[in-house]
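**Q** The structure is given below, and queries will be raised subsequently.
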Amino acid sequence: DPHQNFVQCLYNYPNITNSISNVVYTQTNSSYSYVLDLTIQNRRFSNSSSKPLVIVTPLDVTQILATIICSQRHGLQIRTRSGGHDYEGLSYVAEVPFVLLDLSNLQQIAVDEESRTAWVQSGATLGELYYRISQKSKTLGFPAGVCASVGIGGHFSGGGYGLMMRKYGTAADNVIDAHIIDVNGNLLDRQAMGEDLFWAIRGGGGASFGVIVDWKVKLVPVPSTVTVFNVSRTLEENATEIIQKWQLVANKLDERIMIRVDISRVNSSQHGKLTIQASFVSLFLGGVEDLIPLMQNSLPELGLDRNDCKETSWIGSAVFINAVLIGTSGNEPPETMLNRTQIYLGKGKGKSDYVSQPIPVEGLQGLWRLLYDAKVENFQLQFAPYGGRMYEISESEISFPHRSGYIYHIHYGVIWQEEGDEIAQRHMNFIRKVYKYMEPYVSNSPRAAYVNYRDLDIGVNNNGYTSYTQAKIWGLKYFNNNFKRLARVKTKVDPDNFFRNEQSIPTLSIEE
Ligand code: FDA
């Protein structure tokens, strides 16, 4: 029995700590389901029959490397999970016999305000990182995603962006060292892994290369007072005109400001009917006195009033922006960032796009019609503007490729609670229809996509074994001109393709 042999191998592994038996869960263990469910963020996969044979929640490096070696010895694959936010559940679902390596016990964060750096373990969350930084300094921050419960391991290895992207780039742009355990069980820092592998794990997704234990990041300066706002306009309040103007200016503004547009369908109390609403969600790295004239000059159509704005600390802005997502007031204390389970749990499907030319007004209006008629519980589109630092970094600097040439990035999401296959199908069909509709308005050849908004519709490997040529179908969308180099790195560090999944980087054959 492979899984019993695997467990025996683990228990007998040289130098393994005694506590190993406390962090191994087989399917008969009474805590198995609890541990498995803990960070299944997408409930579409809650009842999946493709469950791990064994879960290991390591406490140290030796337990991770023993898991890697023993899995190979006994013919099991590995799925590594940090925060469990993968849109397609790739960190905890597989059609093959596998071990779930869950890093949620590795949550340490060490902030050094003097050198303006921090070491953060993969199993920590964004909220924990932001909170720990704020405990040490009011004038340091970190440019990563907006949702507090997102895990460091997946997020950093796929890029990771939030509302400081225009000023400081992605999370991966600010990683300066890391420790990875490779397929042979070696623990490697930046110097030992070499610049190629270090390049690959900053945007290429971690799962293809090994298990990243922790990351050293460069913290960034932030003013002690920043300003946030979340202002909504319905179609009746000229949302379309404001978005048209936004498309012309959002990527050209002062890089201290980022204005994201969240599009949803609401029941307008004013008009007593359904309508489309655009929420302009923003972080400005400065005070309201500087923000108001900036907005009057660049986007007067929004009619931003100082009463719409909230001056706060940088950690206060993180609480506010996280609250937009989870639907709370935004006035909660910073400790709310430590809450790992606050996100509403639903079944979901996400997709992404990149826009190079403003979408013409007919295009927007057609989109509104489609959204207006949607027979779904809940959907949201987010437009996140580029420009600033994102245009200064070259496509090949790190493996996250999407840089100049784009005005903004689109995230599509649909979420539902109701049970049933037919309901699920209806929601999935809706988001696919929207994606199809958008085709003429977004990037093409390749139609760019963001690996952290994982989408298996764009193509998959056959049980992890697919040639580079076949994998290009999805690989070029995520990684564009960096895909080949990712495959070269993969071939070097994991030639037998042990670390594989439906969208892992393929190895190259000799002809390729
Ligand atoms: P998870 O643990 O599911 O891992 C994701 C992938 O990375 C899997 O393939 C996994 O095997 C691999 N992996 C994880 N840890 C690893 C490790 N230590 N070593 C090697 N491989 C590892 N994105 C964004 O850029 N900005 C944002 O604001 C948000 N907001 C957001 C909100 C919500 C509610 C969700 C569900 C998602 C986002 N995201 C996002 C997307 C998010 O960045 C993406 O899902 C990340 O991959 C999640 O990282 P986790 O560690 O939580 O995922």
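The values are calculated or read from the model by the stated rules, or taken from the named source; none is laboratory data. Keep in mind the model is a prediction, meaning the values are calculated, not measured. Ideal geometry is used to build each Cβ from the backbone, glycine not excepted, and the neighbour counts take in all protein chains shown. Protein only, heavy atoms only, side chains kept; ligands, DNA and RNA dropped before computing areas. Shrake-Rupley method; radii C 1.70, N 1.55, O 1.52, S 1.80 Å.
**Q** Given the options L476, L456, name the one that is among the aliphatic types (A, V, I, L, M) and surrounded by fewer than 20 Cβ atoms within 10 Å (Cβ to Cβ). Outline the logic, then answer.
**A** Working: L476 fails: surrounded by fewer than 20 Cβ atoms within 10 Å (Cβ to Cβ).
From the options L476, L456, the qualifying one is L456.
**Q** Go through (1) under 21 Å from H402 (Cβ atoms); (2) away from the ligand (no atom under 16 Å from the Cβ); (3) surrounded by 21 or more Cβ atoms within 10 Å (Cβ to Cβ); (4) of a type in the set (S, T, N, Q) for Q503 and report which single condition fails.
**A** With (1) under 21 Å from H402 (Cβ atoms); (2) away from the ligand (no atom under 16 Å from the Cβ); (3) surrounded by 21 or more Cβ atoms within 10 Å (Cβ to Cβ); (4) of a type in the set (S, T, N, Q) applied to Q503, the lone miss is (2).
**Q** In this structure, does K138 turn out to be on the phi < 0 side of the Ramachandran plot, open to solvent by 10 Å² or more (accessible area, probe 1.4 Å) and over 20 Å from the mean Cα position of the chain (by Cα)?
**A** Taking the combined requirement at face value, the residue satisfies it.
**Q** Going by what's in this entry, would V493 be described as under 20 Å from the mean Cα position of the chain (by Cα) and open to solvent by 10 Å² or more (accessible area, probe 1.4 Å)?
**A** no
**Q** OK, next. Restricting segment 177-201 to residues that are among the small types (G, A, S) and touching a Leu at 6+ places or on another chain (Cβ under 8 Å), which is farthest from G75 (Cα to Cα)?
**A** A200
**Q** Consider segment 337-370. How many of its residues are open to solvent by 30 Å² or more (accessible area, probe 1.4 Å), in a helix (DSSP H, G or I) and in contact with a Gly (Cβ under 7 Å, 6 or more places away or on another chain)?
**A** Looking only at that region, the number is 1.
**Q** Now for a separate question. List the pairs whose first member sits in segment 446-458 and is of a type in the set (G, A, S), whose second member is within 13 Å of the ligand (Cβ to nearest atom) and in a loop (DSSP other than H, G, I, E, B), and whose Cβ atoms are under 6 Å apart, counting only residues at least 6 apart or on separate chains?
**A** Going by the 6 Å Cβ cut-off, the qualifying pairs are A448/H402.
Conditions (1) assigned to a loop (DSSP other than H, G, I, E, B); (2) crowded, with 19+ Cβ neighbours inside 10 Å; (3) of a type outside the set (S, T, N, Q), marked per residue:
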residue: S33; (1), (2), (3): no, no, no
residue: P58; (1), (2), (3): yes, yes, yes
residue: T62; (1), (2), (3): no, no, no
residue: T80; (1), (2), (3): no, yes, no
residue: N105; (1), (2), (3): yes, no, no
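**Q** In segment 150-189, what residues are closer than 17 Å to N452 by Cα, more than 7 Å from the ligand (Cβ to nearest atom) and assigned to a loop (DSSP other than H, G, I, E, B)?
**A** Answer for segment 150-189, where residues must be closer than 17 Å to N452 by Cα, more than 7 Å from the ligand (Cβ to nearest atom) and assigned to a loop (DSSP other than H, G, I, E, B): L163, G169, T170, A171.
**Q** Further, regarding this structure: If I filter segment 37-53 for residues that are away from the ligand (no atom under 13 Å from the Cβ), at pLDDT 95 or above and not in a loop (DSSP other than H, G, I, E, B), do I get at least one hit?
**A** no
**Q** How many residues are more than 8 Å from the ligand (Cβ to nearest atom) and either touching a helix residue (DSSP H, G or I) at 6+ places or on another chain (Cβ under 8 Å) or part of a helix (DSSP H, G or I) (or both) if we restrict to segment 113-124?
**A** So the count comes out to 5.
**Q** Out of I242, I276, which single residue is modelled with pLDDT of 95 or more, outside any strand (DSSP E or B) and at negative phi? Don't jump to the end; show me each part of the working.
**A** Numbers: I276 fails: outside any strand (DSSP E or B).
Among I242, I276, only I242 is modelled with pLDDT of 95 or more, outside any strand (DSSP E or B) and at negative phi.
**Q** Within segment 67-75, identify whether any single residue is assigned to a loop (DSSP other than H, G, I, E, B) and near the ligand (Cβ under 10 Å from one of its atoms), and answer yes or no.
**A** Within segment 67-75, none of the residues are assigned to a loop (DSSP other than H, G, I, E, B) and near the ligand (Cβ under 10 Å from one of its atoms).
**Q** Follow-up. I'd like to know if segment 328-344 contains one or more residues that are of a type in the set (K, R) and at pLDDT below 95.
**A** First, pick out the residues of segment 328-344 that are of a type in the set (K, R): 340.
Now restrict to residues that are at pLDDT below 95: 340.
Scanning segment 328-344, I find at least one residue that is of a type in the set (K, R) and at pLDDT below 95, so the answer is yes.
**Q** Exactly one of (1) farther than 21 Å from F383 by Cβ; (2) open to solvent by less than 10 Å² (accessible area, probe 1.4 Å) is unmet by A239. Its number?
**A** So A239 meets the others, but not (1).
**Q** Suppose we filter segment 190-215 for residues that are outside any loop (DSSP other than H, G, I, E, B) and within 14 Å of the ligand (Cβ to nearest atom); how many remain?
**A** Going through segment 190-215 one residue at a time, the tally reaches 9.
**Q** Test G210 against the stated conditions and say whether it is farther than 23 Å from G141 by Cα and surrounded by 24 or more Cβ atoms within 10 Å (Cβ to Cβ).
**A** yes
**Q** Being more than 16 Å from the ligand (Cβ to nearest atom) and of a type in the set (D, E) is the requirement here; does E512 meet it? Outline the logic, then answer.
**A** Details: more than 16 Å from the ligand (Cβ to nearest atom): yes; of a type in the set (D, E): yes.
So E512 fits the description; yes.
Residue by residue, here is whether (1) touching a helix residue (DSSP H, G or I) at 6+ places or on another chain (Cβ under 6 Å); (2) among the aromatic types (F, W, Y); (3) under 21 Å from Y453 (Cβ atoms); (4) surrounded by 15 or more Cβ atoms within 10 Å (Cβ to Cβ) holds:
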residue: L325; (1), (2), (3), (4): no, no, yes, yes
residue: E335; (1), (2), (3), (4): no, no, no, no
residue: K375; (1), (2), (3), (4): no, no, no, no
residue: Y386; (1), (2), (3), (4): no, yes, yes, yes
residue: S394; (1), (2), (3), (4): no, no, no, no
residue: P401; (1), (2), (3), (4): yes, no, yes, yes
residue: Y406; (1), (2), (3), (4): no, yes, yes, yes
residue: E422; (1), (2), (3), (4): no, no, no, no
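**Q** Separate question: Does T227 qualify as being surrounded by fewer than 24 Cβ atoms within 10 Å (Cβ to Cβ) and more than 16 Å from the ligand (Cβ to nearest atom)? First the steps, then the outcome.
**A** On the way: surrounded by fewer than 24 Cβ atoms within 10 Å (Cβ to Cβ): no; more than 16 Å from the ligand (Cβ to nearest atom): yes.
Taking the combined requirement at face value, the residue does not satisfy it.
**Q** Could you list, ordered by first residue, the pairs with Cβ atoms under 9 Å in which the first is in segment 68-81 and charged (D, E, K, R) and the second is away from the ligand (no atom under 14 Å from the Cβ) and open to solvent by 10 Å² or more (accessible area, probe 1.4 Å), at least 6 apart or interchain?
**A** R73/N5; R73/C9
**Q** Only one of these conditions is not met by H427: (1) open to solvent by 70 Å² or more (accessible area, probe 1.4 Å); (2) modelled with pLDDT of 95 or more. Which number is it?
**A** Every listed condition holds for H427 apart from (1).
**Q** So, of the residues in segment 430-453 that are out of contact with any Gly (no Cβ under 9 Å at 6 or more places or on another chain) and of a type in the set (A, V, I, L, M, F, W, C), which turns out to be surrounded by the most Cβ atoms within 10 Å (Cβ to Cβ)?
**A** The residue in question is A449.
**Q** Right, something else. Which of the residues spanning segment 12-31 are out of contact with any Pro (no Cβ under 9 Å at 6 or more places or on another chain) and part of a strand (DSSP E or B)?
**A** Scanning segment 12-31 gives V24, T26.
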